[in-house]
1. Give me the three principal axis extents of the chain from the C-alpha atoms, as integers in angstrom, largest value leading.
2. At what distance in nm do the modelled label points of residue 179 and residue 73 sit from each other, each positioned 7 Å from its Cα along Cα→Cβ?
3. Among 183, 166, which comes first, then next, by fewest other beta-carbon atoms within 10 Å?
4. Please report 40, 90 as a ranked list, fewest other C-beta atoms within 10 angstrom at the top and most at the bottom.
5. Round to the nearest 10 and give me the degree value, 0 to 90, for the angle of helix 58-85's Cα axis relative to the longest principal axis of the chain.
6. Provide the packing ranking of 191-203, 69-81, i.e. peptides ordered by the mean count of other C-beta atoms within 10 Å per residue, highest first.
7. Add -39500 (n - 2.57) for each DSSP H run of 4 or more in the chain, then divide by its residues: what number comes out at 222 nm, to the nearest 500 deg cm²/dmol?
8. Please find, in a Gaussian network model of the chain (springs between Cα atoms separated by less than 10 Å), the residue of 34, 161, 86 whose mean-square fluctuation is greatest.
């Protein structure tokens, strides 16, 4: 694929992610009257994916992959299980299958399925000679997650359990306080995901 074609395609993907992220936030806050939903990690990640792809910033984009990868695996497992069996697994995605979930909201929700593969394709298109900077990736990821946790605790409804900051989203028993467990899981997820994605040959420098 020629460089010009790669640039055009990557820009389209970047604009799409950015537009979908902004639209999702505005739709939730203004139409559905749920302003606290601007703190959903998936919405924040869409916006940052968009900026990262358009700016050809691999570190910003990979930081979002590192945050999103394992949670999206869990989300998709729950989603496809219920879609195939008509029975909830963990109940995380049961809202999607209710008649009360608007069509526009369903369209927004479906981004959980294709965000990772589409963003990987975009990184492949924009890959540059710049090496991955682990310090930057970890710094962006951990600051973002710390902010999401603190703001989520302060400004979101515990019953919604946004980003699982109040209790585990899947059955889980732990001898340590949940807050410590949340950060421990986040740390492991980010480190493992970063190692995985920065090791992929097709994402490394040209």
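Just so it is clear, none of the values below were taken in a lab; they were calculated from the coordinates. Bear in mind the structure is a predicted one, so any value in this text is a computation, not a measurement. Positions of Cβ are generated from backbone atoms using ideal geometry, with glycine treated the same way; all protein chains shown enter the neighbour counts.
1. 48, 40, 34
2. Here the modelled spin labels are 2.9 nm apart.
3. In increasing order of surrounding Cβ atoms, one gets 183, 166.
4. In order of increasing Cβ crowding within 10 Å: 90, 40.
5. 50 degrees
6. Per-residue Cβ counts within 10 Å, averaged per peptide and sorted highest first, yield 69-81, 191-203.
7. Counting only the DSSP helices, I get -22000 deg cm²/dmol.
8. 86
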